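See below for the structure under consideration.
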Amino acid sequence: DEDWINPDPARAVEILKGCMENWDADLRFYTTTAAAYDLDALRAHLGFESINLVGGSYGTRLGQVYLKEFPDRVRTAILDGIAPMRLALGSEHGPSLDQALGNIIEACEGDDACNEAFPNLASAFETLKADYDQWDNGPLITVTHPRRGEAMDLSFTRSVLATALRFLAYDPSTQMLLPYLIHEAATTGQPNRIATQAIIVGEQMDDAIAVGLNFSVGCAEDWPIWPTDSDVSQTLLGDMIGELYEAVCPSVSVLPVDEAFHAPYQGTTPLLILSGQFDPVTPPSDGEEVLATSQNALHLVAKGRGHIVITLPCMASIATQFITQGNLDDLDTSCMDALGPEPFFTDLLGPTP
């Protein structure tokens, strides 16, 4: 668990090298472009002349690459939580997370029940960050492991704080816990509940992330264009991801991507772009950027929602209508008027009725 919530670049290199010794795979060919060609081979094998393409999160990069490589094979495309092709994925996570957390705190301050329960929340958040500003040596706390029920000691570093808040900010159902957790940790000096959430996240990451694929893609496509002129050190997340790439990528053999790889998508395929207002990783501004270069696109922003919104019944109904008719004309988006954030938790019993 702690390899994810308290990442150590040297430890990451050790883990990756240990894994590579047992892999019968050449990581040079595990890239987004190779995946796009695999997808087209699957399309041909299944006998489809064209497909309706849906991609979310990293899948939006794969979707854009497929659209650029095989534009005539896509009838419609839906890209949800989109990352523009120019981005080195991960380099913008610090500022994007700060923006999302700021939006959530502002929403709490504008909510009577939340603001009454957690007054001066923005100030409390600054206090919390100041109290836990060390990336390597945080105070040792004892928490109960949420799955095993065992007591465990954990160094509560800045990376534990950042990891927990970052992944809690992905989904509206956990976003609404953030004011309670921030207020409690800042005012009592006890970050144990945040630490417990970080442990849960760490276990989920163990099951969700393909380590080899993550670094083969990142080291080939993102690390070579990692920005050197941006200062993310003052963000909550810092340059945690860049430091991992800097340590790991020299151990990963990659093929350089084509110069046109990071060029924006500019096609005419009907494209529906979806964003969540409070998305901490691919904010709506990313969707607006892709919209500006596309020639036949519509961008919809779901109010009060986080990363990936097509799972909402409202957004799914819009997506269904789009795919059914095959164009963006006269989509009924009226259900979006009722969208908004989940109610804030004002105590452990849940939201105020």
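The values are calculated or read from the model by the stated rules, or taken from the named source; none is laboratory data. Just so it is clear, the structure is predicted and the values come from calculations on it, not from any experiment. When we count neighbours, we look across all protein chains shown, and the Cβ atoms used for this are built from the backbone with ideal geometry, even at glycine. Note: areas computed on protein heavy atoms with side chains; ligands, DNA, RNA excluded. Shrake-Rupley method; radii C 1.70, N 1.55, O 1.52, S 1.80 Å.
I'd like to verify a number: residues in the range 215-254 that are in a helix (DSSP H, G or I) and either under 19 Å from Met85 (Cβ atoms) or open to solvent by less than 60 Å² (accessible area, probe 1.4 Å) (or both), how many?
Counting residues in the range 215-254 that are in a helix (DSSP H, G or I) and either under 19 Å from Met85 (Cβ atoms) or open to solvent by less than 60 Å² (accessible area, probe 1.4 Å) (or both) gives 20.
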Conditions (1) on the phi < 0 side of the Ramachandran plot; (2) surrounded by 14 or more Cβ atoms within 10 Å (Cβ to Cβ); (3) touching a residue at least 40 places away in the same chain (Cβ under 8 Å) -> Asp258 fails only (2)
Single residue of Ala113, Ala124 found to be in contact (Cβ under 8 Å) with a residue 40 or more places away in the chain, within 30 Å of Pro343 (Cα to Cα) and open to solvent by 20 Å² or more (accessible area, probe 1.4 Å): Ala113
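Right, Leu154: surrounded by 23 or more Cβ atoms within 10 Å (Cβ to Cβ), part of a helix (DSSP H, G or I) and touching a residue at least 40 places away in the same chain (Cβ under 8 Å) or not?
Details: surrounded by 23 or more Cβ atoms within 10 Å (Cβ to Cβ): yes; part of a helix (DSSP H, G or I): no; touching a residue at least 40 places away in the same chain (Cβ under 8 Å): yes.
So Leu154 fails the test.
Are there any helices (runs of 4 or more DSSP H) wholly within the range 1-107 with 2 or more residues that are among the aliphatic types (A, V, I, L, M) and at pLDDT 95 or above, and if so which?
Details: elements: 2-5, 9-20, 32-46, 58-69.
Qualifying helices (runs of 4 or more DSSP H): 32-46, 58-69.
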Residues of the range 47-78 classified as open to solvent by less than 20 Å² (accessible area, probe 1.4 Å) and more than 14 Å from the chain's Cα centre (by Cα), total: 10
The one condition Pro341 fails out of (1) at pLDDT below 95; (2) open to solvent by less than 30 Å² (accessible area, probe 1.4 Å); (3) in contact with a helix residue (DSSP H, G or I) (Cβ under 7 Å, 6 or more places away or on another chain) is (2)
Evaluation of Phe322 against (1) open to solvent by 70 Å² or more (accessible area, probe 1.4 Å); (2) out of contact with any helix residue (DSSP H, G or I) (no Cβ under 8 Å at 6 or more places or on another chain) (one fails), failing number: (1)
Just checking, which of Phe345, Phe278 is under 23 Å from Leu97 (Cβ atoms), aromatic (Phe, Trp, Tyr) and within 18 Å of the chain's Cα centre (by Cα)? Phe278
